[in-house]
Amino acid sequence: MSEEAEIAARVESLIAAQVAALGVQLLEVQYLYQERWVLRLVIDRKEGIGLDHCGAVSELASRILDVEDPIPNPFSLEVSSPGLFRSLKNSNHFRQSVGKIVRFTLAEEFLQERKNREMRGLLTEVQDETAILEVDGERVELPMEAMRAARLDPDL
């Protein structure tokens, strides 16, 4: 695991429970260098995220990070919602998205079974590490590792 991933995991362990106490779910923590160090917290809740939620999480995270000091470099804290086209990166993200349209790109090693690298379908179920989708009227079972990238693709 990279140092950045270790820091992100440590931050997540420090703040996830307190963020949940605000009625908000911490979806993702990223620690990355983009011309400067950035700690990005992606939050969500069923009813949606507003500026008040981002502000409350930012204030809470800042207080905890000031005390615990898990990050060795100066950084900017960003708190945001995942947006309409949110990425699906782990089994929890997929489980929360059952019943929604997903656009995904197949990894090279899974192309032999499918014609198209880019696909779109209704996520109907998740079993362990397998996503079950309805693609063009056909039931498709894909291991999550078969999807190089996946994101929600709502009809707008």
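Scanning region 33-56 for residues that are closer than 13 Å to residue 11 by Cα and either under 15 Å from the mean Cα position of the chain (by Cα) or not in a strand (DSSP E or B) (or both) gives 39, 40, 41, 42. Among the residues of region 97-156, just one is assigned to a strand (DSSP E or B), in contact (Cβ under 8 Å) with a residue 24 or more places away in the chain and among the acidic types (Asp, Glu), namely 125.
Here is a yes/no grid of residues against (1) under 23 Å from residue 126 (Cβ atoms); (2) in contact (Cβ under 8 Å) with a residue 12 or more places away in the chain; (3) touching a Cys at 6+ places or on another chain (Cβ under 6 Å):
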residue: 6; (1), (2), (3): no, no, no
residue: 27; (1), (2), (3): yes, yes, no
residue: 68; (1), (2), (3): no, yes, no
residue: 75; (1), (2), (3): no, yes, no
residue: 83; (1), (2), (3): yes, no, no
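Using the structure shown, decide if residue 12 is in a helix (DSSP H, G or I), at pLDDT 95 or above, over 14 Å from residue 62 (Cα atoms) and not polar (S, T, N, Q). No; evaluated as a whole, the condition is false for this residue.
Can you pull out every residue in region 16-27 that is more than 16 Å from the chain's Cα centre (by Cα) and either assigned to a loop (DSSP other than H, G, I, E, B) or of a type in the set (A, V, I, L, M, F, W, C) (or both)?
Across region 16-27, the qualifying residues are 17, 21, 22, 23.
Residues in region 115-138 that are of a type in the set (A, V, I, L, M) and in contact with a Ser or Thr (Cβ under 6 Å, 6 or more places away or on another chain): 123, 132.
Listed here are the residues, each with its yes/no results for (1) of a type in the set (A, V, I, L, M); (2) in the same structural domain as residue 24 (by TED's automatic domain parsing).
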{"site": "76", "(1), (2)": "no, yes"}
{"site": "101", "(1), (2)": "yes, no"}
{"site": "105", "(1), (2)": "no, no"}
{"site": "108", "(1), (2)": "no, no"}
{"site": "120", "(1), (2)": "no, no"}
{"site": "129", "(1), (2)": "no, no"}
{"site": "137", "(1), (2)": "no, no"}
{"site": "146", "(1), (2)": "yes, no"}
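Annotation note: Cβ proximity below 9 Å between a residue of region 53-65 that is surrounded by 12 or more Cβ atoms within 10 Å (Cβ to Cβ) and a residue that is small (Gly, Ala, Ser) (sequence gap 6+ or interchain) occurs for 53/23; 53/81; 54/80; 54/81; 60/21.
The values are calculated or read from the model by the stated rules, or taken from the named source; none is laboratory data. Every value quoted in this text rests on a predicted model; they were computed, and no experiment measured them. Counting neighbours? That spans all protein chains shown, and the Cβs are built from the backbone with ideal geometry, glycine included.
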